[in-house]
Amino acid sequence: KKILAGIAMLMLSACQNNIEPTPVIESPVVPQPVTTGAKIIGGVETLYVTPIQMPFQARIDTGAETSSLDADHIKPFERDGEKWISFNITNRKNGEKHHFEKPIKRRTHIVRINHEEERYVVNMSIKMGDELINAEFTLAERDKFNYQVLIGRNILNGRFIVDSSLENTLH
């Protein structure tokens, strides 16, 4: 009881003498600008899916982890004991169609607003500006979307800075 009374007296004394604890000051974390030579691009950019000759307009999506391509006739199959997939990509602007057969890199779950879906992931080559990029893309039937290609963080990180007020900055 004597110890508790002593603590109470010290606390009362500190309050009466207006003694305040020293505030802890945290310095804010200020993001540093990217100095890797990353290019500034807009919310929509023109790119080529090789070997298709006609360009695509792509939505740049910093919220998407993996890029995505509009594909149809998606059919998994086995080749030499490995899992492969065949699919078509058709450019909506001119109807140019290409058939692809690629090894499946993995499968991924995509969570959408009202449902979840599983997609196949393959490596594809695209040309954005003067850069040829080989990266993972999910295959999806994007016919209900305005853009046949969605570019996600797997391509953006370290290469591009996105200014959503701009469009078609790459030539």
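The values are calculated or read from the model by the stated rules, or taken from the named source; none is laboratory data. All values derive from a computational prediction rather than experimental measurement. With ideal geometry, Cβ positions are generated from the backbone for all residues, glycine too; neighbour counts draw on all protein chains shown. Surface accessibility is based on the protein's heavy atoms, side chains included, excluding ligands, DNA and RNA. Shrake-Rupley method; radii C 1.70, N 1.55, O 1.52, S 1.80 Å.
Residue selection: K93 fails the criterion of being among the charged types (D, E, K, R) and over 24 Å from I41 (Cβ atoms).
Would it be correct to say that M128 is over 17 Å from D143 (Cα atoms), aliphatic (A, V, I, L, M) and open to solvent by 50 Å² or more (accessible area, probe 1.4 Å)? In short, no.
Please indicate, with yes or no, whether at least one residue in the range 49-60 is β-branched (V, I, T), in a strand (DSSP E or B) and surrounded by fewer than 17 Cβ atoms within 10 Å (Cβ to Cβ).
no
Quick grid of which residues meet (1) modelled with pLDDT of 90 or more; (2) closer than 30 Å to I40 by Cα; (3) touching a strand residue (DSSP E or B) at 6+ places or on another chain (Cβ under 7 Å):
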residue	(1), (2), (3)
R106	yes, no, yes
I110	no, yes, yes
E116	no, no, yes
V122	yes, yes, yes
I126	yes, yes, yes
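Restricted to the range 61-90, and to residues that are touching a residue at least 12 places away in the same chain (Cβ under 8 Å) and of a type in the set (D, E), which residue is surrounded by the most Cβ atoms within 10 Å (Cβ to Cβ)? So, considering only residues that are touching a residue at least 12 places away in the same chain (Cβ under 8 Å) and of a type in the set (D, E), the one surrounded by the most Cβ atoms within 10 Å (Cβ to Cβ) is D70.
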